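Right, one structure below, let's go through it.
The values are calculated or read from the model by the stated rules, or taken from the named source; none is laboratory data. Quick caveat, the model's predicted, so the values are computed rather than measured. A quick note on method: Cβ atoms are made from the backbone with ideal geometry, for glycine too, and the neighbour counts reach across all protein chains shown. Heavy atoms of the whole protein, side chains included, go into the accessibility calculation; ligands, DNA and RNA do not. Shrake-Rupley method; radii C 1.70, N 1.55, O 1.52, S 1.80 Å.
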Amino acid sequence: MTVTRQLVLINGLICAAFIVVIMVVFFSFRHVEKELTTTFTSATLRIIENSNVTRELSRVLSDMNLIVSTFYEKKDVLKTKGLKLSRGTQALLAKSGDEEMKASLNRFIKQLNDILAQCERVNFAKEEIREIENDFDDKLISLDNIITQMLVELKIEGGDTSDLEQLSAMIGGWRESFTRIKLQFVQLGLEHFKRPLEEEAHPLHAAAVDLLLRLQTLTASTPDIALHGGYLIYLLTDYKTSVLKFHGTAGILHTLLEKNELEKENLLSMMDKIDKQVAQKTEEATEALTARIDRSVTINLLIFLGVLPIVMLGGMTAYSIKKPIQEVIEYIGRLSKGDIPARIDDQYKGEFAQVRDYLNILIGATNNVTLIAENIASGNMEITVRQRSPNDRLMQALGRMILKLKEIMNETKEMVQAVAIGQLDVRGNTEAFEGGWRELVSGVNDLIEGLSNMVSKSAALSQEMELARDIQTGLLPAFANNIHPDFVIAASMLTADKVGGDYYDITFDRQGNLWISIGDVSGHGVKSGLIMMMAQTVHATVIAKMDCTARDVVTMINDILYRNVHNRLKENHFMTFNALKYLGEGKFEHAGAHLRIIVYRRKSGRCELIRTKGVYLNLKADISKSTKNSYFELGYEDVMVLYTDGLTEAQNRNGELLDIDRFLKIVGKYACHDPETMKANIMTDVLGWCDNNKEDDMSLVIVKRIGGSDG
């Protein structure tokens, strides 16, 4: 029997067996389904209904307890949560299907509404007490003011003030007594007032009566004082009455809550009773269903024992063809991944023997093609390609590929040799090739053309960058150490490999005032250098021709840069810039936004950072409102350090920035040296940090005040 017939027979037997099993299981489940539908539907619905009612009842009881415990003096809480609670109870009543339960819920809802209404009355009574307390306090203050005014008038007239002074002192005692009464009322709390008490036994009664007797003294005084005294007695009597009224209202609430507790217990016991009834019915239905399932299991077991021999026969047949199929699949899988296996030597019968022979032929052909490809990859173009038949298109294609590769190699070899000796005008013959080979030769031609253009552009750019660097360094000021009698100054700029935008200047205006400025244009290249040159030109012109402050210089430079750079050149490069004008006696006026100024204080031996306030240049057309003059002073032997971010942002081999903290330590280390030595040492340390790799210009200006002593 062939493999195909064996597989058809096995699959047919297994399908028949499974059809029988499925039919038996189907009819068994139909019986079970009917039992579940008729027996458990009503019980399940009752369980779900009872569970929902229980859950909602628990939520309602929890919300009610929360309201009762938090409503006191909180009208908003009582209103919002009370409304929510009422809606919840109505929804609970709608979900209940048991008549006895509905009757109990109706009683519970009525009691709940009574409790909420009584809670509102308690809060209203408490609000009345608070208003009386406020009126009483206001009247005491008014009475105190009247007595004080009368004391002042009597003292001016020279009359006897002893009685009024005694009354003034008594007001403080009355205020303290009433405050104690209010505090005692708060401390007793709502729970205390829920207990019934007679008026004489009320804890506030004795204190209120005592204060009433003490207030009677006011009725024997002047008419104004007696009038206020009478009103205070009226308020205190009303207060005592309101407290007793509050006590009664709280007591009624307590009674309603006790009745509601009994109704809660009744509801819970009723829910428990319903649960037990449902549980009993469910247990009876479960026993009936269990018996029916047992019968179904017995029938299914008998059918399984009948189907088992068929399945075993199918398994034995499948096992007999498993090995040859697995071996064929394994070999085909290895071939698809490029892993060429050895020939199959196992002996098979029938159709599997034919599959083995064809597979061995395929393995041999794949080995032959692989050998040819390996020789081509190693550069051996002399390998012989033998065709296995006149229709062997694979070997014919390999032969043509080897021939074309030889031609390509010869063509590119000639071009590479010409380029190597400087002949950048040589080009390959693209017309001699087709398809991808033509694209390869054309690509080499493009590569030589690009190389030729890059060589020309690189030479021109190098000359342009060198010229820009010369302009940048040529604009730096040249000065002697004695440029100003108050200072020793040293300055330096180390340019980066790419032209940057660093700038500093040290000059004098027409009044002979010393000016120092420093800035940095964003970006690199010729444009940044051009913007820097514009700023230097404007700065020098304004200083030389006009009497101005540091703020004036900064705003005028921004006006020129914004018109030329932003509006005309359409460039968005911004520039940090800080102008400093020396006012004499060590005082400097400065304006503009740049890095913070470092001042080393000789007395403390510490570095101080002075913030530069303002806006970067070329960001806005008008910066006059945001640019202000600021001032600081250098003491004798103090040192001012101006710098650009090329120093603080220098990176070491790990990409770590030097940052301002490390730069401050370097400045502090050399601050006691003369400026020239200090400048050289700082530059040496920074270059050592970055291994002389200057990603940006590094500018440094050091100004040390000399002369007398600060004492």
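Residue-by-condition table, conditions (1) open to solvent by 70 Å² or more (accessible area, probe 1.4 Å); (2) under 26 Å from VAL122 (Cβ atoms); (3) of a type in the set (Asp, Glu):
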| residue | (1), (2), (3) |
| --- | --- |
| ARG175 | yes, no, no |
| LEU188 | no, yes, no |
| THR217 | no, no, no |
| ILE233 | no, no, no |
| THR237 | no, yes, no |
- Query: What are the residues in the range 627-647 that are part of a loop (DSSP other than H, G, I, E, B) and open to solvent by less than 30 Å² (accessible area, probe 1.4 Å), if any?
  - Reply: THR627, LEU634, GLY635, ASP638, THR644
- Pairs, please: C-beta under 8 Å, at least 6 apart or cross-chain, first residue closer than 22 Å to ASN113 by Cβ and in the range 233-258, second open to solvent by 10 Å² or more (accessible area, probe 1.4 Å) and outside any helix (DSSP H, G or I)? ALA250/LYS194; GLY251/LYS194; GLY251/ARG195; GLY251/PRO196; LEU253/LYS194; HIS254/LYS194; HIS254/ARG195
- Task: Among the residues of the range 328-372, write down those that are open to solvent by 50 Å² or more (accessible area, probe 1.4 Å) and hydrophobic (A, V, I, L, M, F, W, C).
- Result: ILE329, ILE332, ALA342, VAL355, ILE361, LEU362, LEU371
- Cβ-Cβ under 8 Å pairs, at least 6 apart or on other chains, the range 144-172 side more than 14 Å from SER221 (Cβ to Cβ), far side among the polar types (S, T, N, Q): THR148/SER168; LYS155/THR161
- Query: Which of (1) surrounded by fewer than 17 Cβ atoms within 10 Å (Cβ to Cβ); (2) closer than 13 Å to VAL243 by Cα is the odd one out, the single condition LEU212 does not satisfy?
  - Reply: (2)
- Hey, can you tell me all the residues within the range 91-110 that are within 19 Å of LYS79 (Cα to Cα) and surrounded by fewer than 17 Cβ atoms within 10 Å (Cβ to Cβ)? ALA91, LYS110
- Task: Scan the range 680-695 for residues that are touching a residue at least 60 places away in the same chain (Cβ under 8 Å) and open to solvent by less than 30 Å² (accessible area, probe 1.4 Å) and jot them down.
- Result: MET683
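Quickly run through the range 544-580 and pick out the residues that are of a type in the set (S, T, N, Q), surrounded by fewer than 20 Cβ atoms within 10 Å (Cβ to Cβ) and under 19 Å from GLY501 (Cα atoms). It would help to see each step written out before you state the result.
Just the residues of the range 544-580 that are of a type in the set (S, T, N, Q), to begin with: 549, 555, 558, 564, 567, 572, 576, 578.
Imposing the further condition that a residue be surrounded by fewer than 20 Cβ atoms within 10 Å (Cβ to Cβ) reduces the set to 549, 564, 567, 572.
Passing the criteria: ASN564, ASN572.
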- Item | VAL542 farther than 24 Å from CYS672 by Cα, in contact with a Cys (Cβ under 7 Å, 6 or more places away or on another chain) and not hydroxyl-bearing (Ser, Thr, Tyr) | yes
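Being open to solvent by 40 Å² or more (accessible area, probe 1.4 Å), in a helix (DSSP H, G or I), among the polar types (S, T, N, Q) and more than 30 Å from ALA208 (Cα to Cα) is the requirement here; does ASN266 meet it? Step through it out loud before you land on a result.
Values: open to solvent by 40 Å² or more (accessible area, probe 1.4 Å): yes; in a helix (DSSP H, G or I): yes; among the polar types (S, T, N, Q): yes; more than 30 Å from ALA208 (Cα to Cα): yes.
So ASN266 fits the description; yes.
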- Task: Could you please give the count of residues in the range 663-675 that are in a helix (DSSP H, G or I), crowded, with 16+ Cβ neighbours inside 10 Å and not aromatic (Phe, Trp, Tyr)?
- Result: 4
- Note on the structure: Among the residues of the range 582-627, the number that are of a type outside the set (Ser, Thr, Tyr), in contact with a strand residue (DSSP E or B) (Cβ under 7 Å, 6 or more places away or on another chain) and over 16 Å from HIS539 (Cβ atoms) is 15
- Message: Looking at the range 518-543, I want the residues that are surrounded by 22 or more Cβ atoms within 10 Å (Cβ to Cβ) and have a partner that is assigned to a helix (DSSP H, G or I) and at pLDDT below 85 with Cβ atoms under 6 Å, at least 6 apart or on another chain. Which pairs are those?
- Response: VAL521/SER528; GLY529/ALA468; GLY529/GLN472
